[in-house]
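Data block below; observations after.
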Amino acid sequence: DEIFKGNNENAMGISMDIEANAIKISHHGQRASSIVKNMLEHSRTSTGKKELTDINGLAEECLKLAYHAFLSGRKGWRANDSQDEEHKTFHVDLVTDLDTSIPLLNINKQDLGRALLNIFNNAFQATSENHSLSDHAVSPGVQLVTKMAGDKIQISVLDNGPGIPATIQDKIFQPFFTTKPTGQGTGLGLSLAYDIVKAHGGTILVDSTVGKGSTFVISIPVI
């Protein structure tokens, strides 16, 4: 109607509004889809099948899987992004410190693996955000540490991302709570990890300082 009236400026404004709204609808639609999918996974009944598992091997495998998935995701959005060469060669330093005295643990390997993948995914996302905001003086890094702590096995995941403000640290394990931009997170990853670790009789804690990074510590009793 505006075009037929010769109001090309108004027509252009309406077109831009339509485009912006379409992008918002797409983002919210993807987020809704992810939430539903994760809700189904979150509430699914576990087989409960446990098996003797090498915790070091499982954690290291999940670290590598999460890293490859993270890099693949970056390649996807970089395809249409005019980033400079430094951004295109982005990588994260991976460091492992594994306690070889840890015994085999009777766990649900699939479930605990999912919990670890979610934590590693958050760590890589954090290092990426910090790299984008900083002057790149510090290379992005994620560290995996395992050790015996009395009658428990501790799995620690450290990152040098932007850190988590103290005001929200007690909320990050709540379902649907997320600090990620719209369409990039459902807020169920850490909540799912928390429930899985709890089902194994363990605990998961976070220690974080803004500007320095975060450490997630999973403790599981040796049964």
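May I ask you to compute the full-extension gain from residue 30 to residue 222, defined as 0.36 nm times their residue separation minus their alpha-carbon distance, rounded to one decimal in nm? It would help to have the intermediate numbers written out before the result.
Numbers: separation 192, 0.36 × 192 = 69.12 nm, distance 4.01 nm.
Gain on extension, residue 30 to residue 222, equals 65.1 nm.
Amide H of residue 153 versus every other amide H placed in the peptide plane: which residues, excluding those fewer than 5 positions away on the same chain, fall under 5 Å?
Answer set, sorted by chain and number: 220, 222.
Provide the per-residue ³J(HN,Hα) series for the range 93-110, in order, calculated from phi with Karplus coefficients 6.51, -1.76, 1.60 and θ = phi - 60°, each as a whole number of Hz, with x at glycine and proline positions.
Once θ is set to phi - 60°, the couplings for the range 93-110 become 6, 9, 10, 10, 9, 9, 7, 6, 7, 5, x, 5, 10, 7, 9, 7, 4, 5 Hz.
Using θ = phi - 60° and the Karplus relation 6.51 cos²θ - 1.76 cosθ + 1.60, list the HN-Hα couplings for the range 162-175 in order, rounded to whole Hz, with x at every Gly or Pro.
Values, residue by residue: x, x, 10, x, 4, 5, 10, 4, 7, 10, 5, 9, 7, x Hz.
Could you run the Karplus curve 6.51 cos²θ - 1.76 cosθ + 1.60 with θ = phi - 60° over the range 190-205 and give me ³J(HN,Hα) per residue in whole Hz, x for Gly and Pro?
Once θ is set to phi - 60°, the couplings for the range 190-205 become 6, 5, 5, 4, 4, 5, 5, 5, 4, 5, 8, x, x, 9, 9, 10 Hz.
Only the coordinates and a few stated rules stand behind these numbers; no lab work does. Model, not experiment: these values are computed from the prediction.
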